[in-house]
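This report concerns only the one structure given below.
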Amino acid sequence: MLGWHYNEDGIYTVKSGYWLGTHLPTNVPLNPTYGNKELKQKIWKTKTPTKLKHFLWRLLSKCLATSNNLKRRHIVSEDQCRRCCSAVETEEHIFFDCPYAKK
Ligand SMILES: [Zn+2]
């Protein structure tokens, strides 16, 4: 059964998440995020609104709610672009390849 098993009531709290984070064995490998680490670090040094920095970081980390990411996480069953229905909806498709984006 899915649930948070690190406190008594089974409901996630930041406190219990922090506790887990500080008590994990140090030999547990963490999954690295996608994307170029140096480029993502440069995002935080740019003079743009914080909201845009977060968006760019999520774009480079491939964690935007595109259909292919949602399908990979078993949230949706189709990964086609919902606009043009002619390709898989990836970050590249949304911003560069989709006919609607090109217009
Ligand atoms: Zn499209």
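The values are calculated or read from the model by the stated rules, or taken from the named source; none is laboratory data. For clarity, every value in this text was computed on a predicted model and none was experimentally measured. Every residue, glycine as well, gets a Cβ built from its backbone with ideal geometry; the counts of neighbours run over all protein chains shown. Heavy atoms of the whole protein, side chains included, go into the accessibility calculation; ligands, DNA and RNA do not. Shrake-Rupley method; radii C 1.70, N 1.55, O 1.52, S 1.80 Å.
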Answer residue from the stretch 84-99, given it is open to solvent by 80 Å² or more (accessible area, probe 1.4 Å) and under 22 Å from residue 60 (Cβ atoms) and is nearest to the ligand (Cβ to nearest atom) among those: 97
Do we have any residue at all in the stretch 30-44 that's assigned by TED's automatic domain parsing to the domain that holds residue 59, touching a Lys or Arg at 6+ places or on another chain (Cβ under 8 Å) and over 22 Å from residue 69 (Cβ atoms)? yes
Being polar (S, T, N, Q) and over 17 Å from the mean Cα position of the chain (by Cα), is that true of even one residue in the stretch 36-49? yes
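Which members of the stretch 62-84 meet the condition of being closer than 26 Å to residue 103 by Cβ and part of a loop (DSSP other than H, G, I, E, B)?
62, 64, 65, 66, 76, 78, 79, 81, 82, 83, 84
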Residues satisfying the stated conditions in the stretch 17-61, i.e. closer than 25 Å to residue 92 by Cβ, assigned to a loop (DSSP other than H, G, I, E, B) and open to solvent by 70 Å² or more (accessible area, probe 1.4 Å): 31, 32, 33, 34, 36, 44, 45, 49
